[in-house]
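A.B. asks: For reference, the structure I am asking about is given below.
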Amino acid sequence: MAVEVAEVKNLFLCLIVVALISGLAACAQPVTGVVIQSDKQRETSPNVNEADLATLVDGNSVFGFDLYQALREEDDNLFFSPYSISLALAMTYAGARGETAQQMADTLQFTLSQHRLHPAFNSLDIELSQRGEAAKGKDGEGFRLNIVNAIWGQEGYKFLSEFLDVLAENYGAGLRPLDFANAPEESRITINDWVSDQTEGRIEDLIPQGLIDKLTRLVLTNAIYFNAAWQHPFNEDMTEDGPFYLLDGGEVTLPMMKQVNMLGYVEGDGYQAVELKCSGKEFSMIIFLPQADQFEAFEGSLDAQQVSAILGKLEGKKVTLTMPRFEFESKFNLKGALSTMGMPLAFIWPGADFSGITGKCDLFIRDVVHKAFISVDETGTEAAAATAVVMPPTAVPSKPIKAIEVKIDHPFIFVIRDIETGTILLVGRMVAPSA
């Protein structure tokens with residue numbers, strides 16, 4: 001993972017997030033049969049009750065912070081999209097059976113049955129796609145939240161129509177034939193180009209060389225692109241260089257943005273939290289700032305329940321906020337983390353059971369790769385995420401009010417969420433900027 005601070009005028013993003021890959025590679029089976037194309041259209045009005053939607057959102061939050069704890073051991077910045085990862089693996093889960101399916105459900109916190117889970121993902125995706133009609137983007141254009149899925153199958157390989165129907169009806173993912181067996185590198189480039197297009201060029205080279213080979217039979221991809229202006233942009237004239245203190249006692253100089261506004265705020269034992277809403281007030285970025293000497297303790301205790309409790313206590317306060325403009329990239333291979341978290345069987349052949357995809361146990365997950373980029377500046381937020389599964393408030397009152405000071409000059413944790421549903425799209429931390 002690398003980080004660099006951007007001293008960029010007219011930077012058109014505040015936050016870019018995530019490309020994720022999860023790969024399923026086929027075992028050494030001959031390519032036979034005929035690819036079955038689903039004739040189903042996406043269900044645009046899924047019959048999903050509010051309880052199922054809330055269950056899905058809560059489960060995704062639990063998984064997101066479980067994964068955070070599994071990834072945080074590295075002494076570096078961290079950024080990923082639990083929503084993108086869940087979407088890509090949910091499509092894979094549609095073909096999982098037996099103990100493989102149970103391990104995936106337990107790890108990914110899929111507590112709904114298969115026939116309720118996939119419509120719930122569809123319903124949530126449709127709801128999120130309706131956000132931001134009157135909101136602004138960070139780059140001066142309109143707000144964008146694009147969530148798209150696709151599946152890429154080996155030409156001539158037979159996939160079960162039931163599996164393809166589930167993905168077509170609930171994820172809008174039609175099968176796109178590629179010749180992995182004879183042209184694996186060309187297939188990889190095709191998929192990477194699709195990811196780049198879907199994320200407005202922010203996620204490049206999602207699938208590294210060698211991950212797709214002649215045994216690959218299926219790749220499932222998800223891409224997310226998010227671009228929003230702040231509700232209260234920072235005044236660039238107030239941005240000045242200032243120190244950012246590192247965990248090891250060192251410091252670097254960063255451009256520090258500043259504003260005084262009514263913001264969501266809460267403080268607790270050893271931390272402050274502040275909420276920056278995006279244009280349209282449908283999404284927000286929440287920054288958790290532990291005391292400098294309590295970062296590791298706060299981070300180690302962080303889970304979905306604690307985050308939910310903190311978010312529930314946010315109140316509008318007059319805040320003097322100082323925070324860095326920053327930019328960095330994260331990249332992960334998630335096979336090890338997901339195996340340790342409880343789903344090793346999905347990555348083992350023989351052993352993995354994805355017979356719901358082809359009718360036999362001939363597929364397993366090769367790897368899950370996640371890539372993320374984030375950039376924060378005075379104007380707003382831009383985020384992008386991609387996942388592939390490869391198979392082998394109110395105005396400031398007129399009365400003077402003393403402002404609460406929040407100075408983000410040492411390591412912090414942040415999330416980006418959909419306010420209405422509570423869906424956490426992105427999670428990250430910044431601990432190691434470089435000038």
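A.B. asks: What FRET efficiency comes out for the pair LYS402/SER161, r = Cβ-Cβ distance, R0 = 45 Å, nearest 0.05?
C.D. replies: Numbers: r = 65 Å, r/R0 = 1.45.
Rounded to the nearest 0.05, the efficiency is 0.10.
A.B. asks: If I stretch the segment between ASN146 and GLU50 completely, what's the gain in nm (0.36 nm per residue apart, minus their alpha carbon distance), one decimal? Before the final figure, lay out each step's value.
C.D. replies: Numbers: separation 96, 0.36 × 96 = 34.56 nm, distance 2.29 nm.
Length gained, ASN146 through GLU50: 32.3 nm.
A.B. asks: Sticking with this structure for a sec: How big is the charge dipole of segment 90-217 about its Cα centre, in debye rounded to the nearest 20, if each Lys and Arg gets +1 on its Cβ and each Asp and Glu gets -1 on its Cβ?
C.D. replies: It works out to roughly 280 debye.
A.B. asks: Further question: Any idea how far the Cα center of segment 293-326 sits from the one of segment 235-262, in Å?
C.D. replies: 18
A.B. asks: Return the ratio Rg/(2.2 N^0.38 Å) for segment 248-294, where Rg is computed over Cα atoms only.
C.D. replies: Working: Rg = 13.4 Å, N = 47, 2.2 N^0.38 = 9.5 Å.
After normalising by residue count via 2.2 N^0.38 Å, the value is 1.41.
A.B. asks: Hey, for a label at GLU133 modelled as a point 7 Å past Cα toward Cβ, could you say which residues of segment 408-435 have their backbone N under 14 Å away?
C.D. replies: Flagged as within label range: none.
A.B. asks: Taking the simple approach of a point 7 Å from Cα along Cα-to-Cβ for both LYS40 and GLN209, what is their distance in nm?
C.D. replies: Once both label points are built, they end up 3.9 nm from each other.
A.B. asks: How large is the translational diffusion coefficient of segment 87-177 in µm² per second when you combine the Kirkwood radius over alpha carbon pairs with Stokes-Einstein at 20 °C and 1.002 mPa s?
C.D. replies: Details: Rh = 14.9 Å.
Estimated diffusion coefficient is 143 µm²/s.
A.B. asks: Over its Cα atoms, what ratio of radius of gyration to 2.2 N^0.38 Å does segment 300-388 give?
C.D. replies: That works out to 1.65 for segment 300-388.
A.B. asks: Something else now. If you take the beta carbon distance between ASP241 and GLU420 as r and set R0 to 51 Å, what does 1/(1 + (r/R0)^6) give as a FRET efficiency, to the nearest 0.05?
C.D. replies: Numbers: r = 38 Å, r/R0 = 0.74.
So, using R0 = 51 Å, E works out to roughly 0.85.
A.B. asks: Mean shadow of segment 201-323, computed from the convex hull of its alpha carbons, in nm²?
C.D. replies: On the way: hull surface 47.7 nm².
Approximately 11.9 nm², given one-decimal rounding.
A.B. asks: LYS402: which lysines have alpha carbons under 29 Å from its alpha carbon, excluding same-chain residues fewer than 8 sequence positions away?
C.D. replies: By straight Cα distance, LYS402 reaches LYS258, LYS277, LYS281, LYS313, LYS317, LYS318.
A.B. asks: Another question about this same structure. In sequence order, what are the phi-derived ³J(HN,Hα) couplings for segment 59-73 according to the Karplus relation 6.51 cos²θ - 1.76 cosθ + 1.60 with θ = phi - 60°, rounded to whole Hz, with x for glycine and proline?
C.D. replies: x, 5, 5, 4, 4, x, 7, 4, 5, 4, 5, 6, 9, 6, 5
No value in this document is a laboratory result; all are computed from the given coordinates. Everything quoted here is computed from the prediction, not taken from an experiment. Neighbour counts are summed over all protein chains in view; Cβ atoms, including those assigned to glycine, are modelled from backbone coordinates with ideal geometry.
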